[in-house]
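Enquirer: There's a structure below that I have some questions on.
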Amino acid sequence: MDREEMAAQAKKRGIRITAGIFICLLVGFTLAGNTLQSLTLPKVYTVETSKGELVHAYQGTSVVYPSEVKELANPAGWKVEKVLVKKGEMVQKGQTLVEYNDSETKGQLQEQYSALKKQQMSMEGLEHNYKLAYISEDESAKQSAKLAIEAAKLDIADQKRRIERLESEASEHRRLSAPFDGLVLEVLAEEGFGGSGSPDVRLSNAARGFQAEFIIPQSLSELLLEGEELEITVDGEHSRTITGRLAEWSAINSSIGESAGGIDSAGGGQNAQTRAIKLLLDDQELRGGERVSLNLNRSKTSDSVLVPNEAIRKDLEGAYVYTLNEQQGPLGNAYYVVRVPIIIADANDTTTAVNSGLFAKQRVIISSSEPVVDGVRVRY
Amino acid sequence: MQVRKRWVWLPRLALSLWLGSLAILMLVPILLTVTNSLMTEREIGLNYGLLGQMVDTASGGKDAFVNLKILPDWLSLEQYRHVLVLAPKFLRMFWNSAAMVLPIIVGQVAVAALAAYAFAKLRFFGRDKLFLVYLMTMLMPFQVTLVPNYMVIDWLGLMNSEAAIILPGIFGAFGVFMLRQFMAHIPFAYTEAAKMDGAGQWTIFLRIILPLAKPGLAALVVLLFVDYWNMIEQPIIFLQEAARQPLSLYLSYIDKEARGVAFAASVLYMTPMVLLFLYAESYFVEGVQLSGIKG
C-alpha cells in the first residue's frame, strides 16, 4: 500500500467517524428531544385547591381608656398646699383632691373683720350722740343723729355680707373636690406652685365605663353588627375575658396606622383597607391602661373552593386562574396551561373563596419561572 | 534559454491566483454560513436586520448594504440548540428526508445499473432507439411532466404518501443514462473474455461490470443524493401533510423572525452532502470524467 492510498484510507476513516458522530448526534437529539425540550419549558409551581370556609381572622391588641375624662382646673389660681390623691386612685364624689393655700384670703378677711369692728364702734358713738340730742331736746340734732345711725347700720350690713362672701369663697377655693366617682388619671398639681393654666387633675368618670379601639380589616368589619357583643381578653397576670359592645366604627382607612394602640397582628396585605372599631367595656375592675386583646374569626361563605391569593389573576375580562391540562403522549405526559375564569365570592389577606369555575383538589398555578399564558406547555 | 526557464513559473502563478480566487469566491457563502451559525440570534438580527426592509425603496424600503460578517463576536451554540432541541420539526423533517432519499438511491442505482448494462453491453433490436426514448423523459423538465405525474399518482392512490416521491425517483432516467455512458467505456474485451470462460450475463454483470463501474456508481450516488436531498417541487405538490415533508422545505418555513436559526439549519442541512462528497470524492471525479457528464 503506497503512501497516497494510506492517506486516502485515513481520510475516509475520518469521514466515516464524522458521519457516524453526526448521525448519532441527530438520533440522540431525536430520541431525547422531548426530555430536552421539557427542560427548557417554564417551570410552574402549583397548589391544590381545597373546599371549606373562608375565615376572616383578626388578632390584635389595644389599650383600655375611659370613655369620659374631666380635666379639673385650679379654681382660683392659688398656690397648691397639699396634693391628696395619686395617679390611679379611685375617688368618691365630693372627695378633696387638692388643697390650696388660702393665707391671702385669710388676711383679707382679717382686714374686713377689723373694718366691721370699727364700724360697730363708731355706731356706739352715734348712739351716744343721739342720746345727748334727745336729752337736750334739740330736734335737728336728733334728726341728723338718727340718720347717721341708719347709714352706719347699712354699712355694717354691707360689711357683713362682704365677709360672708369672702368666707364662702375661701372655703370653696381652698380645695379641689371630685365632681363624680372616678379614677385619677393624672395629677399635674405640684405642691408650692400656683396655677399654670393646665388642669391640676385629670379624672375619668367611672359611671361612663371604658373603651378600647381596634383597627380591623375592612372585609372583616363588614361582617360585624353595631351593638354586637365581642369577647376580649384582658392581658396580664390574671388574664380574664370580658365582653365589649361594638359602639361605632370609623370610615374606611387605606393605610394601616397604630392609632389608639391597635396593632394589627394579622399581617397580610400592606395596602388592605382598614377600619377602626370602638368597643365599650363595662367592667368594674377596669382601671384604664390595661392591655386587651381581641380575637375575631368570621366567615361569610360556608362551603366554597379556596385558592391562595397568589393564584388569582385579573384582567379586563375579570378574574381567572391558570390550571394545568395533562396530555398523555408516547414519550411522557405534557402539561399545558389552561385559563379558567372564576367568580370571586370572598377574600381575605391570604385566601380567596371562589364560587364558580373551580373544583376542590384542582391544581392551580401560583407562580412560574417565566410568565405563562393560556395554552403554553410547561414543566410541572 | 536561461531567461525562459526563469519565467516559466509566471503563468503557473497567474493560473493559481485566478483559480484560487475563484475557489475563495465559491467558498465564501459556505464559510459565511458556518461562521454565522455560531453567532447569537441577536447578532444575526443586528447584521441582517435590514434584509426584510430592503424590498422596494420606492415603497419605503431602505437603500443600504447588508453587513456580511465573517467572524462572530461571541461563539454561541444557541442556534443549534434552537434547531435541535427547541424545534423538533427540524429533526422530524431530517428523518423524513432520509427515509425518502435512501430508498430512492438504492432503488435507482439497482434499476439503473441493470438497465445501463443492457443498453451498453447487450445487443438487441431497437436498443439505441429505445435508449433515445428513455432519454427523452430525462430531457423534459419536471414542470412538463408534472400534470401526468400528478394524475398517475392520484390514480394509484399514493397522494400524500412517501411512495409518491420514492417510486418516480427509483425509475428516474438519469441513473440509466449516466451508468450507460460509463459502462460504454468499459472495453468489450472484458465481457468477451468472460464469455469465453463460460460466464453467463449475471456473472458478467456482477463480477466484471459492477466492480469496474464502481466510480460511476459512486458518482451516481452522490449526484442522486444531492438531487433528491434538495428536492422542492415534488414534496410541495405530493405531500400536503407538514409532518411528512422533507428537510428541503424546512428553510422555507424560516421567516424573518426566526432568521437566527437559518444558518445552523443550513449547516446541518448540508453536512450529509458534504460528508458524502468527501467520502466518494475520488470515485466521483473519475466517474464523472469517464461518463462524460458534468455535474
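Enquirer: Can you tell me which residue among A:11, A:86 is farther than 30 Å from residue A:214 by Cα and outside the structural domain of residue A:284 (by the TED database)?
Expert: Every option except A:11 fails the conditions.
Enquirer: Six or more apart or on different chains, Cβ under 8 Å: which pairs go from a residue in the range A:313-332 that's of a type in the set (Lys, Arg) to one that's at pLDDT 85 or above? Could you list them?
Expert: Taking only residues 6 or more apart or on different chains, the pairs are A:313/A:319; A:313/A:320; A:313/A:321; A:313/A:322; A:314/A:320.
Enquirer: Additional query: In the range A:35-53, which residues are more than 8 Å from chain B (Cβ to nearest Cβ) and within 22 Å of residue B:94 (Cα to Cα)?
Expert: Those that are more than 8 Å from chain B (Cβ to nearest Cβ) and within 22 Å of residue B:94 (Cα to Cα): A:35, A:38.
Enquirer: While we're looking at this one, here's another question. Looking at the structure I just gave you, is residue A:48 loosely packed, with under 13 Cβ neighbours inside 10 Å and under 30 Å from residue A:218 (Cα atoms)?
Expert: Taking the combined requirement at face value, the residue satisfies it.
Enquirer: If I ask for residues that are more than 16 Å from residue A:365 (Cβ to Cβ), part of a strand (DSSP E or B) and out of contact with any Phe, Trp or Tyr (no Cβ under 8 Å at 6 or more places or on another chain), which ones from the range A:307-329 would you list?
Expert: If the condition is that a residue be more than 16 Å from residue A:365 (Cβ to Cβ), part of a strand (DSSP E or B) and out of contact with any Phe, Trp or Tyr (no Cβ under 8 Å at 6 or more places or on another chain), then A:318, A:328, A:329 are the ones that fit.
Enquirer: Among what's in the range B:163-191 and is farther than 25 Å from residue B:129 by Cβ and modelled with pLDDT of 90 or more, pick the residue that is nearest to the chain's Cα centre (by Cα).
Expert: Here the residue is B:169.
Enquirer: Return the residues of the range A:271-315 that are under 20 Å from residue A:245 (Cα atoms), under 15 Å from the mean Cα position of the chain (by Cα) and of a type in the set (S, T, N, Q); say none if nothing qualifies.
Expert: A:274, A:293, A:295
Enquirer: Which one of B:153, B:209 is farther than 30 Å from residue B:94 by Cβ, buried (at least 19 other Cβ atoms within 10 Å of the Cβ) and of a type in the set (A, V, I, L, M, F, W, C)?
Expert: Just one listed residue meets the conditions, B:209.
Enquirer: Taking residue A:106, is it more than 14 Å from chain B (Cβ to nearest Cβ) and at negative phi?
Expert: yes
Enquirer: Could you count how many residues in the range A:360-375 are part of a loop (DSSP other than H, G, I, E, B), surrounded by 17 or more Cβ atoms within 10 Å (Cβ to Cβ) and not polar (S, T, N, Q)?
Expert: Here the count works out to 1.
Enquirer: Now a separate question. Going by what's in this entry, would residue A:12 be described as among the basic types (Lys, Arg) and away from chain B (no Cβ under 14 Å)? Steps first, answer last, please.
Expert: Numbers: among the basic types (Lys, Arg): yes; away from chain B (no Cβ under 14 Å): no.
Criteria not met by residue A:12.
Enquirer: Hey, among A:337, A:305, which residue is buried (at least 18 other Cβ atoms within 10 Å of the Cβ), touching a residue at least 60 places away in the same chain (Cβ under 8 Å) and more than 28 Å from residue A:274 (Cα to Cα)?
Expert: Working: A:305 fails: more than 28 Å from residue A:274 (Cα to Cα).
Just a single option satisfies the conditions, and that option is A:337.
Enquirer: Is it the case that the range A:83-90 has a residue that's of a type in the set (Lys, Arg) and within 14 Å of chain B (Cβ to nearest Cβ)? Quick ask: steps written out before the conclusion?
Expert: First pass over the range A:83-90, keeping only residues of a type in the set (Lys, Arg): A:86-87.
Applying the additional criterion that residues be within 14 Å of chain B (Cβ to nearest Cβ) yields none.
Checked the range A:83-90: no residue is of a type in the set (Lys, Arg) and within 14 Å of chain B (Cβ to nearest Cβ).
Enquirer: Does residue A:357 qualify as being in the same structural domain as residue A:241 (by the TED database), surrounded by fewer than 20 Cβ atoms within 10 Å (Cβ to Cβ) and more than 30 Å from residue B:86 (Cα to Cα)?
Expert: no
Enquirer: Among the candidates A:202, A:208, which residue alone is modelled with pLDDT under 80, among the basic types (Lys, Arg) and touching an Asp or Glu at 6+ places or on another chain (Cβ under 6 Å)?
Expert: Details: A:202 fails: modelled with pLDDT under 80.
Result of the check over A:202, A:208: A:208.
Enquirer: Would you pick out the residues in the range B:111-135 that are in contact (Cβ under 8 Å) with a residue 12 or more places away in the chain and either of a type in the set (A, V, I, L, M) or under 22 Å from residue B:211 (Cβ atoms) (or both)?
Expert: B:111, B:112, B:113, B:114, B:115, B:116, B:117, B:119, B:120, B:121, B:122, B:135, listed by residue number.
Enquirer: Hey, another quick one. If residue A:224 satisfies every condition in (1) assigned to a loop (DSSP other than H, G, I, E, B); (2) loosely packed, with under 15 Cβ neighbours inside 10 Å but one, which is the exception?
Expert: Just one mismatch for residue A:224, condition (2).
Enquirer: Within the range A:136-195, track down each residue that is under 30 Å from residue A:208 (Cβ atoms) and part of a helix (DSSP H, G or I).
Expert: Selection gives A:171, A:172, A:173.
The values are calculated or read from the model by the stated rules, or taken from the named source; none is laboratory data. None of the values given here were measured: they were computed from a predicted structure. We place every Cβ from the backbone using ideal geometry, glycine too, and count neighbours over all the protein chains shown.
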